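The structure under discussion appears below in the form of structure tokens.
The values are calculated or read from the model by the stated rules, or taken from the named source; none is laboratory data. Being a predicted model, the structure only gives us computed values, none of them experimental. Counting neighbours? That spans all protein chains shown, and the Cβs are built from the backbone with ideal geometry, glycine included. All accessible areas refer to the heavy atoms of the entire protein, side chains included, with ligands and DNA or RNA removed. Shrake-Rupley method; radii C 1.70, N 1.55, O 1.52, S 1.80 Å.
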Amino acid sequence: MSINESAQDRRGTALFSQNSPIFPHPCARGRLIALAPLSPKLPASRIADTLAFSLHEITQQPVLLVELTSGEGRLRLNNLAIEDLDQLGSTLPDPQLADAGFDRLLVQVAGQPAEAPVLAALLRRYTRVYPHVLMLMRAELPVYPSIEGLVMADATYLLFEQTPEEMLHYNLLLREMRAHERGDESRIRPVCFVPADRPVATDSPVARSPHPPFYLHERADCFGRQVRSWAREICKRRVGLALSAGAAKGLAHIGVIQVLEENGIEVDAIAGSSMGAYIGACWASGHNGEQLEKFACELEGRFGFLKLVDPALPPRRGFLLGWSVRHRLRRTIGDVNFSELLRPLRIVATNLATLGRTVFSSGNVVDAVRASTAIPGVWVPVHLGTETFVDGGIVDPVPVSVLRQQGVERVIAVNVIPTSAFLKCVREREREQAAVRGPCLNPLEFLHRHLNYFASGNVLDIMLQSMNAAQMLLAEESSKNADIVLRPLSCDAQWFEFNRPRKYIELGRTVALEQLDEIKALIARKESHEHHRTDDILAAVA
């Protein structure tokens with residue numbers, strides 16, 4: 001019985017038929033994904049099973065998990081030749097239907113060089129049937145056909161723990177794949193498995209690399225979510241959240257996050273600038289939207305903003321030192337590195353010397369957030385190493401491009417920076433209200449305007465409003481590259497209103513709920529599946 005016939009018998013559907021909708025033409029090809037654990041101690045089978053199930057659940061398409069093993073298997077490579085496969089045609093060994101909804105095939109490998117082209121030909125047959133084929137290559141397998149299997153895959157994930165022995169294996173395997181004539185390092189992605197009882201090695205070369213690994217924590221509260229994120233990366237359905245600058249107005253990000261969580265919408269990557277970096281860091285560290293609101297409400301009340309005030313005397317480089325913000329953030333998330341976060345995070349800051357954009361993805365999170373939130377004139381610039389940084393909103397107020405550069409396919413931007421047209425409407429509304437009220441003398445308001453440098457119309461407010469002029473243009477240009485833009489704008493918003501968090505959180509919730517159907521449609525959207533690399537490479541090997 002052929003695999004097409006057996007699949008129809010088991011599921012009562014023609015999913016595997018060459019004429020089914022998932023195959024636009026007879027030469028359609030699925031993607032081949034290699035999983036290579038570098039140690040037999042890793043729970044490779046559990047990881048592969050969860051990944052295969054998540055991939056099937058997300059795509060609603062057939063998934064085949066091929067396990068190469070040196071033990072007993074349903075199929076023995078050394079008993080086959082390419083000529084045998086050609087004679088078999090579409091009749092292939094039937095994979096077993098796993099309880100989790102995907103198919104599984106155990107292939108016994110003896111480690112002979114002649115097995116490599118046979119494996120390639122076999123996989124070519126299966127990628128004509130399955131949109132996604134996961135190939136688990138166990139750590140105890142010999143070199144052949146392991147290297148062949150890795151270099152022929154469309155994407156290769158190297159699974160390891162950050163132990164000295166496995167890091168050595170990782171570097172040796174990378175060197176071997178680079179030397180191979182078909183090797184392409186751009187298709188190689190390290191996956192660092194973090195046991196529940198062991199911290200992340202934040203000082204390792206892999207953690208400090210420009211392209212940090214995908215971290216998979218064994219902890220029950222994040223293992224499943226991170227594997228689903230991994231599956232979305234494979235099927236090109238990752239969701240990214242770009243959180244804009246905006247000072248107190250950025251508290252609206254919390255309301256958006258709450259709506260996403262309440263509706264089960266998972267975010268795979270976060271990029272934040274200024275206040276968006278602060279909120280993003282708290283969320284990426286593991287706090288949920290409800291906890292974020294609780295932290296924000298600690299500043300509630302008339303004098304709440306004073307808790308952030310630590311005057312710089314004399315105010316030569318800024319009015320505030322910023323140590324209060326640093327202390328509050330460290331108390332919230334701890335002294336963590338990017339590699340320890342439970343969600344991938346990128347933080348944008350401005351290099352004061354070059355006025356260029358710096359994107360932090362490694363090192364200490366609190367330091368990066370402090371650099372990103374150092375509003376010029378308000379907070380003193382931040383020194384990190386030999387460089388000095390100020391607010392990230394100057395160069396990239398809505399960091400959509402940061403997510404796109406990571407390859408994130410679906411980006412939701414939260415932009416709390418108003419447009420010029422919106423501000424014009426607000427100004428006209430204020431004039432109309434003033435005309436209705438008539439002249440009003442308020443002694444306290446008079447003193448406030450003349451003594452408070454932060455008051456509307458005074459020096460700091462003028463500086464920030466002027467900076468907003470450039471930010472508005474950048475924010476609008478960046479937002480064009482997002483799939484969905486949420487705009488929690490308010491006519492009476494003030495950048496320093498940290499003492500009114502619920503106002504902005506509710507504003508974020510309202511806007512997110514208004515566009516919830518649009519967000520759900522974006523998440524559910526099925527991309528066109530056009531892929532040819534697998535067949536070309538496998539045909540060349542065969």
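Just one of the numbered conditions (1) in contact with a Gly (Cβ under 6 Å, 6 or more places away or on another chain); (2) more than 25 Å from Ser54 (Cβ to Cβ); (3) modelled with pLDDT of 80 or more is not true of Met177: (3).
Could you tell me which residue of segment 150-163 is farthest from the chain's Cα centre (by Cα), considering only residues that are at pLDDT 75 or above, within 20 Å of Thr127 (Cβ to Cβ) and not in a loop (DSSP other than H, G, I, E, B)?
Step by step, filter segment 150-163, then rank; the result is Met152.
Going through segment 229-251 one residue at a time, which ones are under 11 Å from the mean Cα position of the chain (by Cα), open to solvent by less than 10 Å² (accessible area, probe 1.4 Å) and farther than 12 Å from Val416 by Cα? If the condition is that a residue be under 11 Å from the mean Cα position of the chain (by Cα), open to solvent by less than 10 Å² (accessible area, probe 1.4 Å) and farther than 12 Å from Val416 by Cα, then Trp230, Val239, Gly240, Leu241 are the ones that fit.
Of the residues making up segment 389-399, those that are among the aliphatic types (A, V, I, L, M) and open to solvent by less than 10 Å² (accessible area, probe 1.4 Å) are Val390, Val398.
Among the residues making up segment 48-73, those that are in contact with a Lys or Arg (Cβ under 9 Å, 6 or more places away or on another chain) and either at pLDDT below 70 or of a type in the set (Ser, Thr, Tyr) (or both) are Thr50, Ser54, Thr59, Thr69, Ser70. In the condition set (1) hydrophobic (A, V, I, L, M, F, W, C); (2) at pLDDT below 70; (3) assigned to a loop (DSSP other than H, G, I, E, B); (4) open to solvent by less than 80 Å² (accessible area, probe 1.4 Å), Ala434 is compliant with all but (3).
Each row is one residue, and each column tells you yes or no for (1) modelled with pLDDT under 95; (2) farther than 19 Å from Met275 by Cα; (3) surrounded by fewer than 18 Cβ atoms within 10 Å (Cβ to Cβ).
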site: Asn481; (1), (2), (3): no, yes, yes
site: Leu486; (1), (2), (3): no, no, no
site: Ser490; (1), (2), (3): yes, no, yes
site: Ala493; (1), (2), (3): yes, no, no
site: Arg509; (1), (2), (3): no, no, no
site: Leu513; (1), (2), (3): no, yes, yes
site: Ile519; (1), (2), (3): no, yes, no
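Can you list residue pairs whose Cβ atoms sit under 7 Å apart, with the first residue in segment 53-68 being closer than 13 Å to Arg31 by Cα and the second being assigned to a strand (DSSP E or B) and open to solvent by 40 Å² or more (accessible area, probe 1.4 Å)? Count only pairs 6 or more apart in sequence or on different chains. That search, which allows pairs on different chains as well, returns Leu65/Arg104. Scanning segment 31-52 for residues that are more than 17 Å from Glu140 (Cα to Cα), open to solvent by 10 Å² or more (accessible area, probe 1.4 Å) and in contact (Cβ under 8 Å) with a residue 60 or more places away in the chain yields Arg31, Thr50.
Assess whether Phe295 counts as being open to solvent by less than 60 Å² (accessible area, probe 1.4 Å) and either in a strand (DSSP E or B) or within 21 Å of Ile375 (Cα to Cα) (or both). Full working, then the answer.
Values: open to solvent by less than 60 Å² (accessible area, probe 1.4 Å): yes; either in a strand (DSSP E or B) or within 21 Å of Ile375 (Cα to Cα) (or both): no.
Spelling it out, it is not the case that Phe295 is open to solvent by less than 60 Å² (accessible area, probe 1.4 Å) and either in a strand (DSSP E or B) or within 21 Å of Ile375 (Cα to Cα) (or both).
If only residues of segment 252-275 that are open to solvent by less than 10 Å² (accessible area, probe 1.4 Å) and in a helix (DSSP H, G or I) are counted, the one that is nearest to Lys294 (Cα to Cα) is Ile254. Is at least one residue of segment 446-468 in contact with a strand residue (DSSP E or B) (Cβ under 8 Å, 6 or more places away or on another chain), at pLDDT 80 or above and open to solvent by 60 Å² or more (accessible area, probe 1.4 Å)? Looking through segment 446-468, none of the residues is in contact with a strand residue (DSSP E or B) (Cβ under 8 Å, 6 or more places away or on another chain), at pLDDT 80 or above and open to solvent by 60 Å² or more (accessible area, probe 1.4 Å).
Every residue, every condition in (1) assigned to a strand (DSSP E or B); (2) open to solvent by less than 20 Å² (accessible area, probe 1.4 Å); (3) of a type in the set (A, V, I, L, M, F, W, C); (4) under 26 Å from Glu298 (Cβ atoms), yes or no:
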position: His327; (1), (2), (3), (4): no, no, no, yes
position: Ala349; (1), (2), (3), (4): yes, yes, yes, yes
position: Ala353; (1), (2), (3), (4): no, no, yes, no
position: Val369; (1), (2), (3), (4): no, yes, yes, yes
position: Ile375; (1), (2), (3), (4): no, yes, yes, yes
position: Ser401; (1), (2), (3), (4): no, no, no, no
position: Ala413; (1), (2), (3), (4): yes, yes, yes, no
position: Pro418; (1), (2), (3), (4): no, yes, no, no
position: Leu423; (1), (2), (3), (4): no, no, yes, no
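Considering the conditions (1) part of a helix (DSSP H, G or I); (2) more than 29 Å from Arg238 (Cβ to Cβ), Glu497 is excluded by exactly one of them, (1).
Going residue by residue through segment 313-320, is there one that turns out to be under 29 Å from the mean Cα position of the chain (by Cα) and over 19 Å from Gly393 (Cα atoms)?
no
Which members of segment 164-174 meet the condition of being open to solvent by 20 Å² or more (accessible area, probe 1.4 Å), in contact (Cβ under 8 Å) with a residue 12 or more places away in the chain and either among the hydrophobic types (A, V, I, L, M, F, W, C) or not in a helix (DSSP H, G or I) (or both)? Those that are open to solvent by 20 Å² or more (accessible area, probe 1.4 Å), in contact (Cβ under 8 Å) with a residue 12 or more places away in the chain and either among the hydrophobic types (A, V, I, L, M, F, W, C) or not in a helix (DSSP H, G or I) (or both): Met167, Leu173.
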